[in-house]
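Report on the structure given below.
The values are calculated or read from the model by the stated rules, or taken from the named source; none is laboratory data. Nothing here was measured: the structure is a model prediction, and the numbers come from that model. As a convention, Cβ positions derive from the backbone with ideal geometry for all residues, glycine included, and neighbour counts pool all protein chains shown. Areas reflect the complete protein model, heavy atoms only, side chains present, ligands, DNA and RNA absent. Shrake-Rupley method; radii C 1.70, N 1.55, O 1.52, S 1.80 Å.
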Amino acid sequence: MFEKPCLYSVSENNILHCQMSSGCLPPAQPAFILRGHSAQIHALHFTKNNARLLTADADGWIVSWNLAYKRPVAVWKAHTNAVLGLGSWGTDRIITHGRDDRLLVWKLGIEDEATLDKMLPVDAVEGSSKLPWLLHLLTVNTLNFCPFAMCHDGMPQVITTQKVLKHNDAPEPILVAVPNTVDSGGIDIYQLPAQARAANIGAERDITTGMVMALSILAHTTRIQVAAGYESGHTMVFVQNDPAAAFQKLYSARPHTEPVLSLTLSASKETYLTTSADANIAKHPFPFANSIWNTELKTIKVIPTKHSGQQGLSYRSDGKVFATAGWDSHVRVYSGKTMKELAVLKWHKEGAYATAFAAIMPATASNLHSLVDQASTSASASASASTSQSEAQSEQSATTTLDQIPEENDGVLTETKIEGHSSAVSTVQQRRDEKARSTHWLAAGAKDGKVSLWDIY
């Protein structure tokens with residue numbers, strides 16, 4: 001937990017005196033630093049119930065990190081240009097969206113990690129990485145720098161079909177929203193795995209909005225609702241109640257004077273946030289109910305933060321906090337309820353572009369047991385990977401020993417290895433896996449190619 005910043009007064013002899021009644025804490029430092037990208041970090045995504053963190057950079061590289069050991073377990077070049085967005089679909093599918101006009105779906109389960117490269121992008125040779133199995137490819141518009149948005153397809157017939165196919169472990173169908181291929185002010189919605197365009201939202205004709213810059217989407221039964229942020233600073237919500245009907249504009253506002261940089265739905269799905277190249281953070285209604293047609297929708301709140309260029313918006317799954325990454329290199333954490341600034345995380349020296357929160361996991365015994373079994377399967381594959389260094393005190397501390405790493409001469413551990421059993425090793429792995437999954441991680445990526453991991457709130 002972070003305390004409020006210290007307040008100082010200066011005496012006549014130029015000595016600083018703290019005015020806080022409680023003790024002062026030094027500036028917060030990241031718990032770990034993940035290094036290995038040679039280009040700026042553009043996207044972050046926690047997956048596998050917080051067991052893995054996906055990081056993506058401006059050169060098209062993807063790294064999947066084992067968060068228990070802070071080591072890479074899969075590295076590949078997914079795109080020939082910058083990666084705009086990351087996502088996960090089911091238990092073993094990863095979605096990547098690049099500026100090479102491609103949206104790709106890869107198969108990357110725990111069992112697949114053993115066959116993939118572990119060499120980080122900073123050391124890799126072009127064309128040397130082994131690729132995961134490519135399942136789907138969509139050709140999309142990436143002129144806008146707008147990352148894709150996704151949600152589960154709520155169509156009743158789709159759900160029925162999914163139940164029939166459940167024995168094949170097929171993931172639920174999803175909807176993917178991206179800028180329109182022809183008109184950069186419009187929006188295309190695709191359905192996967194069908195790879196077919198399910199709907200289209202035309203560009204606004206009455207308002208000059210410019211290009212679509214950010215998107216979110218939500219679906220329930222036959223209803224699809226989309227929030228969009230535009231180059232003009234406008235944001236709008238569109239709704240389609242029936243697949244045969246056209247989308248209707250439900251809400252429109254212009255809380256920003258500069259292009260919208262990021263947009264995210266709240267945990268409750270009743271509101272959403274936007275940030276821009278200006279200094280404002282705005283909260284908007286995203287009502288998902290039939291009564292919306294009888295309600296006049298207005299912008300809920302606009303906060304002038306005095307910090308231009310906040311982007312990489314992300315909400316934590318419990319809705320209590322959200323975070324932004326700033327052009328000034330600072331990561332800021334805000335209250336989800338009051339939108340009050342709670343903490344400023346200062347470690348990166350260059351502009352920050354992306355943030356991501358680990359999901360708050362329910363601490364049930366069955367859930368933890370299942371998660372531990374998954375991660376233990378890949379322990380041997382990740383043990384030989386290169387270690388990412390921790391820089392909790394300063395950027396110059398190039399080597400830091402990670403806590404609780406079992407040594408080869410640790411008595412019982414060495415003996416169990418010699419005997420070929422893994423009981424003691426599994427116990428250590430279980431503790432590390434459980435701790436990694438239950439930690440309230442906040443990840444931040446910046447222009448320096450580094451990813452900072454913070455354990456907060």
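What to note about this one:
- Among (1) touching a His at 6+ places or on another chain (Cβ under 9 Å); (2) closer than 30 Å to GLN191 by Cβ; (3) open to solvent by 10 Å² or more (accessible area, probe 1.4 Å), the one test that THR235 misses: (3)
- Within the stretch 173-198, residues that are without any contact (Cβ under 8 Å) to a residue 12 or more places away in the chain reach partners that are among the hydroxyl-bearing types (Ser, Thr, Tyr) and open to solvent by less than 60 Å² (accessible area, probe 1.4 Å) with beta carbons closer than 9 Å, at six or more positions or on different chains, in the pairs ALA196/TYR190; ARG197/TYR190.
- Some residue of the stretch 130-153 being surrounded by fewer than 19 Cβ atoms within 10 Å (Cβ to Cβ), under 29 Å from ALA228 (Cα atoms) and aromatic (Phe, Trp, Tyr): yes
- Scanning the stretch 125-151 for residues that are at pLDDT below 90 and touching a Ser or Thr at 6+ places or on another chain (Cβ under 8 Å) yields ASN141, LEU143, ASN144.
- Meets criteria (of a type outside the set (S, T, N, Q) and within 27 Å of LEU263 (Cα to Cα)) for TRP106: yes
- Where a residue in the stretch 59-76 is in contact (Cβ under 8 Å) with a residue 24 or more places away in the chain and its partner, wherever it lies, is of a type in the set (Asp, Glu) and open to solvent by 10 Å² or more (accessible area, probe 1.4 Å), with Cβ under 9 Å and at least six apart: GLY60/ASP100; ALA68/GLU434; PRO72/ASP117; ALA74/ASP112; ALA74/ASP117; VAL75/ASP117; TRP76/ASP117
- Scan of the stretch 45-61 for residues that are touching a Ser or Thr at 6+ places or on another chain (Cβ under 6 Å) and outside any loop (DSSP other than H, G, I, E, B), ordered by number: THR47, ARG52, LEU54
- Unmet requirement for ILE189, which otherwise passes all of (1) open to solvent by less than 40 Å² (accessible area, probe 1.4 Å); (2) assigned to a loop (DSSP other than H, G, I, E, B): (2)
- Among the residues of the stretch 247-270, those identified as open to solvent by 40 Å² or more (accessible area, probe 1.4 Å), part of a loop (DSSP other than H, G, I, E, B) and in contact (Cβ under 8 Å) with a residue 24 or more places away in the chain are THR257, GLU258, ALA267, SER268, LYS269.
- Failed criterion for ALA244 (all others in (1) part of a strand (DSSP E or B); (2) surrounded by fewer than 22 Cβ atoms within 10 Å (Cβ to Cβ) hold): (1)
- Test: VAL83 is crowded, with 22+ Cβ neighbours inside 10 Å and more than 17 Å from the chain's Cα centre (by Cα): no
- Qualifying residue in the stretch 278-286 (condition: open to solvent by 10 Å² or more (accessible area, probe 1.4 Å) and among the aromatic types (Phe, Trp, Tyr)): no
- Of the residues making up the stretch 307-327, those that are free of Cβ contacts under 8 Å to residues at least 40 places away in the same chain and either within 16 Å of LEU342 (Cβ to Cβ) or in contact with a Leu (Cβ under 6 Å, 6 or more places away or on another chain) (or both) are HIS307, GLY326.
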